[in-house]
Amino acid sequence: MRRKILVVIGTRPEAIKMAPLVHALLAEPTFKTVVCLTAQHRQMLDQVLEIFGITADIDLNLMKQGQQLAELTAHVLTGIDAVLQVQRPDCVLVHGDTTTAMAAGLAAFYRHIPVGHVEAGLRTYDMHHPWPEEMNRRVIDVLADFYYAPTGLSRANLLAEKIAAEKIFVTGNTVIDALLMTVARIQNDAQLHEKLAGVFPYLHRNKKLILVTGHRRENHGDGLTKVCRALAELARRDDVQIVYPVHLNPNVREVVMSSLAERDNIYLIEPLDYLHFVYLMSRAHLILTDSGGIQEEAPSLGKPVLVLREVTERPEAVEAGTVQLVGTDTQRIVAACARLLDDENYYRQFSQRANPYGDGTASQQIVASLLAQFASEK
Ligand code: UD1
Ligand code: UDP
């Protein structure tokens, strides 16, 4: 019997991390795969789907400018419920810790449809960092039926919460699948590589590139203002150039644009599609970010990551020494960057450490696990 899998995607990072899995599911004839967008994000989501050649079957088109969490949650919950009523899938796959993932998981739970949680078991054990994501991922892990944990540590977190061992599968993170696919695409196509390079004519070969992203809700306001001060200070160095693709969230854009527009050595640009962003990561000397996904990706490119947060749900990366937490204190950020810019030995050690998040086979492993699950139910 053909099983129907409904994959729910709402934001940019979910799309990047679900894209390789969607392709792996589509290649498996035992499954009828249905891709459903909430479109919690619009432009940033469409950018990813286009790069990965994914066409949605259903699009709830929910994004509103400056959306509030309660309204968004309510719309995802009722929107997905209506989809479930019509589609009647055998399993719903959600990813990570977004409002889309939490509310879609809840909608499936209410209809007694099994939920598979991709990137399960990440924890900071601090409900306010990241906010509201720590709550979202915990809610999903309370109601899910299958857990695709990226590492042994995320598995251990789930076991400590009394999730049955047979429901947990350690697969690595699908973001590495997405990254390796994209790196290979760029490397194997000289014309594409040249085209990507042409998009950033303002970058100097002899200046070190600091790539920046920042959007976390708990950093809005004061945190982001202090980060911008650090960037302004770093930009005074003439051996440095800073590129910041600014998230479309108006709360982010207001602060960043008003503090950093028109400064020498700082380039504020629009969010990049994944091909361009991977290209830019590969050109960067170091990366400053509060993003979850970039903490997992950048070490595979040998790029040190300074994380603009006090706590991370990705402690494997801190332990492996591939990322360092620097919070949002201006002087701490400037000092951490200066060390990586000025101390070559330190930089070399930082950039050569192994990435703990997998080998690019996570999607295949998830598909194999789903096949085994359904075979055992026959
Ligand atoms: C959300 C996720 C966060 C994830 C981040 C990835 C939640 C609670 N938060 O952040 O976990 O790390 O996405 O980027 O689910 N906007 C656009 N176009 C877009 C995307 C956003 O205009 O393509 C603007 C809209 O005004 C929108 C706002 O940004 O209302 C915020 O979007 P939202 O998805 O609510 O962002 P966050 O919650 O900050
Ligand atoms: N990314 C991108 N374009 C950009 C900035 C980031 O494609 O301009 C990618 C990045 O490589 C990573 C993902 O988007 O895979 C991270 O998304 P985001 O920072 O929005 O969310 P988070 O990872 O914090 O959930």
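The apolar share of the surface of the range 37-130, taken as the fraction of accessible area on carbon and sulfur atoms (1.4 Å probe, ligands and nucleic acids excluded), comes to 54 percent. Accessible surface calculations at 1.4 Å, restricted to protein heavy atoms, place the chain at 41 Å² per residue. Averaging the sequence gap over all C-alpha pairs within less than 8 Å and six or more residues apart, then dividing by the number of residues, gives the range 221-336 a relative contact order of 25 percent. Counting heavy atoms of the protein chains alone, Arg42 has an accessible area of about 50 Å² for a 1.4 Å probe. In a simple Cβ point-charge model (Lys, Arg +1; Asp, Glu -1; nothing else charged), the chain has a dipole of about 200 debye relative to its Cα centre. Given axes a ≥ b ≥ c from the Cα gyration tensor, I'd like to know whether the range 337-378 is rounded (a/c under 1.5), prolate (a/b larger than b/c) or oblate. Because a/c hits 1.5 or more and a/b exceeds b/c, the range 337-378 counts as prolate. With the gyration tensor restricted to C-alpha atoms of the range 45-137, the semi-axes of the equivalent ellipsoid amount to 21, 17, 15 Å, longest first.
For the range 56-109, calculate the relative contact order in percent as a whole number, restricting contacts to Cα pairs under 8 Å that are 6 or more residues apart.
39 percent
Hey, which of these cross-link pairs are over 29 Å Cα-Cα: Lys32/Lys195; Lys17/Lys64; Lys32/Lys64; Lys4/Lys303? Checking Cα-Cα distances, Lys32/Lys195; Lys32/Lys64; Lys4/Lys303 exceed 29 Å. Annotation for Gln65 and His193: the two label points, set 7 Å from Cα along the Cα-Cβ direction, are 4.2 nm apart.
Once the Cβ-Cβ distance of Ala335 and Met1 is raised to the sixth power relative to R0 = 56 Å, the FRET efficiency obtained is 0.40.
Using only the Cα atoms of the chain, build the gyration tensor, take square roots of its eigenvalues as a ≥ b ≥ c, and label the shape rounded, prolate or oblate: rounded if a/c is under 1.5, else prolate if a/b is larger than b/c, else oblate. The partial results should precede the final answer.
Working: a/c = 1.68, a/b = 1.63, b/c = 1.03.
Since a/c reaches 1.5 and a/b is larger than b/c, the shape of the chain is classed as prolate.
By the combined test of axial Cα extent (at least 27 Å) and Kyte-Doolittle hydropathy (mean at least -0.5), none of the DSSP H helices of the chain qualifies. A DSSP coil position with no more than 11 other Cβ atoms inside 10 Å describes the following GluC sites (Glu not before Pro) in the range 253-307: Glu262. Between Glu166 and Asp264, the contour length at 0.36 nm per residue exceeds the Cα-Cα span by 29.7 nm.
What a 1.4 Å probe finds exposed on the range 162-275 is 48% carbon and sulfur by accessible area, rounded to a whole percent.
Using C-alpha pairs under 8 Å with a sequence gap of at least 6, the mean separation divided by the residue count of the chain gives a relative contact order of 15 percent.
The values are calculated or read from the model by the stated rules, or taken from the named source; none is laboratory data. Computed from a predicted structure; not experimentally measured. No Cβ is skipped: glycine too gets one built from the backbone with ideal geometry, and neighbour counts run over all protein chains shown. When the accessible area is computed, the model is the full protein with side chains, heavy atoms only, and any ligands, DNA or RNA have been set aside. Shrake-Rupley method; radii C 1.70, N 1.55, O 1.52, S 1.80 Å.
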